[in-house]
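The values are calculated or read from the model by the stated rules, or taken from the named source; none is laboratory data. What you see is a predicted model, and the numbers here were worked out from it, not measured in a lab. We place every Cβ from the backbone using ideal geometry, glycine too, and count neighbours over all the protein chains shown. Heads up: the accessible areas ignore ligands, DNA and RNA and are worked out on the full protein's heavy atoms, side chains in. Shrake-Rupley method; radii C 1.70, N 1.55, O 1.52, S 1.80 Å.
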Amino acid sequence: MATAQQVPDILSPEFAADPYPAYRQMREHTPLLWHEATNSYVISRYEDVERAFKDSVFTTDNYAWQIEPVHGRTILQLSGREHAVRRALVAPAFRGTELQEKFFPVIEGNSRELIDAFRGEGHADLVAQYATRFPINVIADMLGLDKADHDRFHGWYTSVIAFLGNLSGDPAVVAEGERTRVEFAEYMIPIIQERRENLGDDLLSTLCAAEVDGTSMSDEDIKAFCSLLLAAGGETTDKAIASIFANLLTHPEQLAAVREDRTLIDRAFAETLRYTPPVHMIMRETAQEVEVSGGTIPAGATVTCLIGAANRDTGRYADPDTFDIFRDDLTTTRAFSAAADHLAFALGRHFCVGALLAKTEVEVGVNQLLDALPDLRLAEGFDPHEEGVFTRGPARLPVEFTPTAR
């Protein structure tokens, strides 16, 4: 088994600038390596990361130290009946009839409001003026929170994501994350208690009233879930929306195809999740010794699963370093379910509960932006590039278009 010194370090500036060559080297030569700084075993091949998400020998016990200090104890840490019951309490709002009937108008309205603010200008930064605001505004409306607090929500989820991705153990990031947990609890608990007394038709009221097999959620349970929802639903969808446009705008023939046939939006989103996933790393912990490509991981070890590497594995995809919405080795009909053949939403019992919400937001956002900005193009001379290590996406996406009236 190799050590991190023999491949580009996942904490190095070179890796942050462009991790894909390092991913290729890991997959081909060091599919299992020990990384001293993060005290973890790193896996990079599709078959191994897929197994880590599906096989119960890989647990989520690592979240006790990785996210509980900022979120509290969340559904991500649960297993067995406790996990099944908690998922049954929260999942209905994120699928089927409730998502379409109750929250689809919320999604449409929030997207339109943001686009109307810049469609007459002829230029915009789709990250700052749209992607970073859209999913958070949707979640705030779904929960019945005040969108005027958007900047606070954004600050909180930014510090939570920084804590989650604090692979180097920066004490300032730790302190900020712990402060966020206190501030968010002071904000949310009174709102939850008031909502219990005055139930409405929002998601927070649904969570307050939900009961499965005699089990309901405590104030702390709901607060932790809302914290997780803001962070996971904000950061990941933000980067997914920015990335789908970065990918399409740099592949104009595919953008033209999507503009002409909107049923291709799902293909473009699925391929974006494979090619430039919002989350590049997820950790697991081994319940017992396990064999993977390249060697053995001992029991009780932390495992860093490189989604960004696995999603470009030549053993799984043809020409994986090419963005191609027409590829035939990615099944769009399964791409937003626990049976997906990409790994961006994880798989199995901890598959992302908000996958269909993200899909709906992307469908609405891409449709509305293409309708409102008929000749959307990158600002002259701008070449999009991703930033980040744990999560990645374009930090800026300046575009130009012919101004249009509302």
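A few comments on the model shown:
- At 0.890 mPa s and 25 °C, Stokes D of the stretch 103-259 from Kirkwood alpha-carbon radius, µm² per second: 141 µm²/s
- Cα shape, the stretch 326-406, gyration tensor, a/c 1.5 rule: prolate
- Across the alpha-carbon atoms of the stretch 172-324, the computed radius of gyration and Dmax are 21.1, 57 angstrom.
- Estimated FRET transfer efficiency when R0 is 56 angstrom, pair GLN193-ARG396 (beta carbons, to 0.05): 0.90
- Charge dipole magnitude, Cβ of K and R +1, D and E -1 - the stretch 1-72, Cα centre, debye nearest 20: 140 debye
- Percent of beta bridges antiparallel (DSSP, the chain, rounded to nearest 5): 80 percent
- Förster-model FRET efficiency, 25 Å R0, PHE104 and THR158, C-beta, rounded to 0.05: 0.35
- Dipole in debye (nearest 20) - the stretch 121-237, about Cα centre, beta carbon charges: Lys, Arg +1; Asp, Glu -1: 160 debye
- Gained length - ASP201 relative to VAL173, 0.36 nm times residue gap less alpha-carbon distance: 6.4 nm
- Cα-based values for the chain, radius of gyration first and Dmax second, are 20.7, 62 Å.
- If R0 equals 41 Å, the separation of the Cβ atoms of GLU291 and PHE326 corresponds to a calculated FRET efficiency of about 0.65.
- Of the GluC sites (Glu not before Pro) found in the stretch 351-406, those that fall in a DSSP loop while having at most 14 other beta-carbon atoms within 10 Å are GLU380.
- Per residue, in Å², the accessible surface of the chain once ligands and nucleic acids are set aside, probe 1.4 Å: 40 Å²
- Extension gain, THR404 back to ASP149 (0.36 nm per residue minus Cα-Cα distance, nm): 88.9 nm
- Normalising the Debye intensity of the stretch 117-198 to I(0), with uniform scatterers on Cα atoms only, and taking log10 at q = 0.16 Å⁻¹ returns -0.77.
- Computed lengthening from ASP375 to ALA16, 0.36 nm per intervening residue step minus Cα-Cα distance: 126.0 nm
- Surface composition of the chain: carbon plus sulfur atoms contribute 50% of the solvent-accessible area (1.4 Å probe, protein chains only, all chains present).
- The order of the peptides 367-378, 270-281, 31-42 by mean Cβ neighbours within 10 Å, most packed first, is 270-281, 31-42, 367-378.
- Space enclosed by the convex hull of the alpha-carbon atoms of the stretch 258-365, per residue, Å³: 106 Å³
- Under a model in which nothing but the beta-carbon of Lys, Arg (+1) and Asp, Glu (-1) is charged, the chain shows a dipole of about 500 debye around its Cα centre.
- Prolate is the label for the stretch 188-274. Its Cα gyration tensor axes, ordered a ≥ b ≥ c, give a/c of at least 1.5 and a/b above b/c.
- Summed over qualifying helices (DSSP H, 4 residues or more, each -39500 (n - 2.57)) and divided by its residue number, the chain shows a 222 nm mean residue ellipticity of -14500 deg cm²/dmol.
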